[in-house]
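This report refers to the structure that appears directly beneath it.
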Amino acid sequence: MNNKKRFPRVRASTKAAHEIYHNNTYLLSRDIKDLFNCSPSTAGKIKRIVLEEMADRNERIYSDIPGLIDKDILFELAGLDIAKIDRSYRELMRYENV
């Protein structure tokens, strides 16, 4: 039986996903909260799921700041494809600037 925790049902806007992905190397809980526009408790749950997956993959972040998470693993677990997000963001900016 798969005992992985279920990823919460959250949604990210194209603009927020693009900006958070490209402006940060690693993410904190507040970045998760901003990305998904969710409560701090939901952001904490997402963070725990990503940290567990990072441990399973033996991914480590060496920093003085505790609790940083890998943005690529977060986006993968959330089902966010950064290539599609970037294309959508370019289209959004093209029509927004008209």
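For the stretch 49-80: of the residues being assigned to a loop (DSSP other than H, G, I, E, B) and open to solvent by less than 80 Å² (accessible area, probe 1.4 Å), which is nearest to R9 (Cα to Cα)?
Among residues in the stretch 49-80 that are assigned to a loop (DSSP other than H, G, I, E, B) and open to solvent by less than 80 Å² (accessible area, probe 1.4 Å), the one nearest to R9 (Cα to Cα) is G79.
Determine whether I85 is touching a Ser or Thr at 6+ places or on another chain (Cβ under 9 Å) and of a type outside the set (G, A, S).
yes
Taking S39 as meeting all but one of (1) over 14 Å from the mean Cα position of the chain (by Cα); (2) open to solvent by 60 Å² or more (accessible area, probe 1.4 Å), write down the number of the exception.
(2)
Which one is surrounded by the fewest Cβ atoms within 10 Å (Cβ to Cβ) among residues in the stretch 1-17 that are under 22 Å from R87 (Cα atoms) and polar (S, T, N, Q)?
Result: S13.
State whether one or more residues within the stretch 6-17 are at pLDDT below 95 and in contact with a Lys or Arg (Cβ under 7 Å, 6 or more places away or on another chain).
yes
Could you pull out the residue among I46, I20 that is open to solvent by less than 40 Å² (accessible area, probe 1.4 Å), touching a residue at least 40 places away in the same chain (Cβ under 8 Å) and part of a helix (DSSP H, G or I)?
Just one listed residue meets the conditions, I20.
Please go through the stretch 53-87 and pick out each residue that is farther than 22 Å from A17 by Cα and of a type in the set (K, R).
Result: R57, R60.
The values are calculated or read from the model by the stated rules, or taken from the named source; none is laboratory data. Just so it is clear, the structure is predicted and the values come from calculations on it, not from any experiment. Glycine also receives a Cβ, built like all others from the backbone with ideal geometry; neighbour counts cover every protein chain displayed. The accessibility values were calculated without ligands, DNA or RNA, using every heavy atom of the protein model including side chains. Shrake-Rupley method; radii C 1.70, N 1.55, O 1.52, S 1.80 Å.
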